[in-house]
1. Would you mind checking which residues have amide H under 5 Å from residue 28's amide H? H placed 1.01 Å from N; only 5 or more apart, or other chain.
2. For the ranges 1-11, 64-74, 25-35, what's the packing order if you count other beta-carbon atoms within 10 Å of each residue, average per peptide, and put the highest first?
3. Using +1 at the Cβ of each Lys and Arg and -1 at the Cβ of each Asp and Glu in the chain, identify which of 62, 3, 40 lies farthest towards the dipole's positive end.
4. Hand me the tally of lysine pairs in the chain: alpha carbons under 22 angstrom apart, and the pair either on different chains or 8 or more positions apart.
5. Of the heavy-atom accessible surface of the chain (probe 1.4 angstrom), what whole percent is carbon and sulfur?
6. Would you mind checking the radius of gyration and Dmax of the chain based on alpha-carbon positions, in Å?
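The values are calculated or read from the model by the stated rules, or taken from the named source; none is laboratory data. Predicted model only: the values in this text are computed from it and were never measured. Please note: Cβ atoms are built from the backbone with ideal geometry, for glycine as well, and neighbour counts cover all protein chains shown. For the accessible areas, the whole protein counts, side chains as well, though only heavy atoms, and no ligand, DNA or RNA atoms are used. Shrake-Rupley method; radii C 1.70, N 1.55, O 1.52, S 1.80 Å.
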Amino acid sequence: MQVTIRATKADLSKLIDAVLSGDEVIIAKGGKPVARVVPIERSSFKIGLLKGRITGDGPEFFELMDEGALAAWKRK
């Protein structure tokens, strides 16, 4: 589907719905195509992806520092 800039301004939400439905929308200026509206690919981000797969103790940086190491860290 090809639309003018004026039509794009008036019907942007309808054009976005058309793109999300799989239609290709081309925006034209003076009868010449200048832009294509395409959907953004969505990644399938999943929270807790490794839950239950990692076992054992956490890394040593989760452990409390002794007083000497803490004092040395504070001086830096």
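1. 3, 4, 5, 34
2. Answer by packing, highest mean first, reads 1-11, 25-35, 64-74.
3. Value: 3.
4. For the chain, qualifying lysine pairs total 4.
5. That share works out to 56 percent.
6. When restricted to the Cα atoms of the chain, Rg and Dmax are 27.4, 75 Å.
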